[in-house]
Amino acid sequence: MGASEAESPAREHRAVHEAMAAGDAEGAAKRMRRHIENAKARALTDRQAVETA
């Protein structure tokens with residue numbers, strides 16, 4: 001993962017943290033679910049790239 005590719009997960013982590021720090025449990029949960037879905041998509045894309053290389 002390159003530096004620019006690492007920015008998206010870092011932004012997702014910050015969004016979860018900010019919601020938690022604000023006491024927004026529902027918002028934090030929503031952001032965490034989105035982060036997990038995005039992480040899954042990134043992992044599947046990486047796996048496909050390796051398998052087709």
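The values are calculated or read from the model by the stated rules, or taken from the named source; none is laboratory data. The structure presented is a predicted model; accordingly, all values stated were derived computationally and were not measured. Note that we place each Cβ from the backbone using ideal geometry, even for glycine, and neighbour counts take in every protein chain shown. Heads up: the accessible areas ignore ligands, DNA and RNA and are worked out on the full protein's heavy atoms, side chains in. Shrake-Rupley method; radii C 1.70, N 1.55, O 1.52, S 1.80 Å.
Considering each residue of the range 10-33 in turn, none proves to be open to solvent by 60 Å² or more (accessible area, probe 1.4 Å) and either in contact (Cβ under 8 Å) with a residue 24 or more places away in the chain or among the β-branched types (V, I, T) (or both). Once the range 34-53 is narrowed to residues that are closer than 22 Å to A10 by Cβ and over 9 Å from the mean Cα position of the chain (by Cα), the residue that is surrounded by the most Cβ atoms within 10 Å (Cβ to Cβ) is D46.
Quick check on A6: is it free of Cβ contacts under 8 Å to residues at least 60 places away in the same chain, surrounded by fewer than 13 Cβ atoms within 10 Å (Cβ to Cβ) and over 13 Å from the mean Cα position of the chain (by Cα)?
On the way: free of Cβ contacts under 8 Å to residues at least 60 places away in the same chain: yes; surrounded by fewer than 13 Cβ atoms within 10 Å (Cβ to Cβ): yes; over 13 Å from the mean Cα position of the chain (by Cα): no.
Spelling it out, it is not the case that A6 is free of Cβ contacts under 8 Å to residues at least 60 places away in the same chain, surrounded by fewer than 13 Cβ atoms within 10 Å (Cβ to Cβ) and over 13 Å from the mean Cα position of the chain (by Cα).
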